[in-house]
Each structure stands twice: as C-alpha cells, then as structure tokens.
Amino acid sequence: MPRSTLSPLVLGASLLALVLNTNVRAEEQAKPPVLKVLTYNLWGLPKPISQEPERRLSRFCMYLLNQHPAHRYDVILLQEVWKSWMVEQLKHCSYSHVLRLDTENYETGLMILSDHPLSEGHSQKFSQKPSGWSAFR
C-alpha cells in the first residue's frame, strides 16, 4: 500500500481509540457510588447464655480498627448490643457516627456504625410472630 493510503487508516484508528478511551472514562465517572454494608449479630447476651461476650466484642472491634481502606465497610448494622459497656466500646472502633436504636420504653439491642452522617434512626417492632410452618416461609 502506498504511504498516503495508510495515513488515513492510522488516523482513523487513532481517533477511534481516543473516542473509545473517552467513553470508558465517562462510564467510569458515571458509575453509582458503592456502599459497603455489614450486618452482624454480636450475640451480646450475658453469661451463661453467651460465652465470653467481652472477648468477642474486643475481637470484633480490633477487626474494625484494622480494616484495609479498600475493603472498609461504610455502614455496619449491629444486633444484640444489650449492655452500656458494649455501646461505649463500639464508639471507639473507628466509626465517626454511632446510633443506638433503643426507644424510651424498649431496649432493642440494635446499633448502627457509619462513616457517613446519620440524621435519625428508626426500628420497627413486628407485632405478629410466625408460628409453625409459616416461620420457614
């Protein structure tokens, strides 16, 4: 092929590569943010029902403190945080926003840890409990 015929092909391929590369960058920018959420039951009932709740909570807190930034959870939803000492320890596990979902008349044991501000929280108590086979549906 003569050189003059090759130049438009090279130019066209270069333009196509530039357009494709620009589209990839635009798609990367358009991706929705990812929110990493963990739900965890601390099994914080007192002894003898729950064995070693202090040790379990300490290990969980160390896990949170040592999370790799690329794999860090944004929000952690906790169950069975029954005792005040548990709440106080969790407040120091590297999450800047902490919300306990207890109400005035009812202790839920539910708590949220978050890297993002929390304006308010609400828990819903279910009045009907499943029985028999309906519990498995």
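Among the residues of region 72-84, which ones are surrounded by fewer than 16 Cβ atoms within 10 Å (Cβ to Cβ) and modelled with pLDDT of 90 or more? Within region 72-84, R72, D74, Q79 meet the criteria.
Any residue at all in region 21-39 that's in contact with a Phe, Trp or Tyr (Cβ under 8 Å, 6 or more places away or on another chain), of a type outside the set (S, T, Y), at pLDDT 90 or above and crowded, with 16+ Cβ neighbours inside 10 Å? Checked region 21-39: no residue is in contact with a Phe, Trp or Tyr (Cβ under 8 Å, 6 or more places away or on another chain), of a type outside the set (S, T, Y), at pLDDT 90 or above and crowded, with 16+ Cβ neighbours inside 10 Å.
If you take the residues of region 40-57 that are in a loop (DSSP other than H, G, I, E, B) and hydrophobic (A, V, I, L, M, F, W, C), which of them is surrounded by the most Cβ atoms within 10 Å (Cβ to Cβ)? Before the answer, list the steps.
Looking only at region 40-57, we keep the residues that are in a loop (DSSP other than H, G, I, E, B), and these are 42-52.
If we keep only those that are hydrophobic (A, V, I, L, M, F, W, C) as well, we get 42-43, 45, 49.
Details: L42: 19, W43: 15, L45: 14, I49: 9.
So, considering only residues that are in a loop (DSSP other than H, G, I, E, B) and hydrophobic (A, V, I, L, M, F, W, C), the one surrounded by the most Cβ atoms within 10 Å (Cβ to Cβ) is L42.
Whenever a residue of region 102-125 is closer than 17 Å to W82 by Cβ and among the basic types (K, R), it has no partner that is at pLDDT 90 or above and not in a loop (DSSP other than H, G, I, E, B) lying with C-beta atoms less than 6 angstrom away and at least six residues away or across chains. Residue pairs whose Cβ atoms lie under 7 Å apart, separated by 6 or more positions or on different chains, with the first residue in region 58-69 and assigned to a helix (DSSP H, G or I) and the second small (G, A, S) and open to solvent by 30 Å² or more (accessible area, probe 1.4 Å), are L64/S94; L65/S94.
The values are calculated or read from the model by the stated rules, or taken from the named source; none is laboratory data. Keep in mind it's a predicted model, so treat the numbers as computed, not measured. Every residue, glycine among them, receives a Cβ derived from its backbone with ideal geometry; neighbour counts consider all protein chains shown. Accessible surface areas use protein heavy atoms only, side chains included; no ligands, DNA or RNA. Shrake-Rupley method; radii C 1.70, N 1.55, O 1.52, S 1.80 Å.
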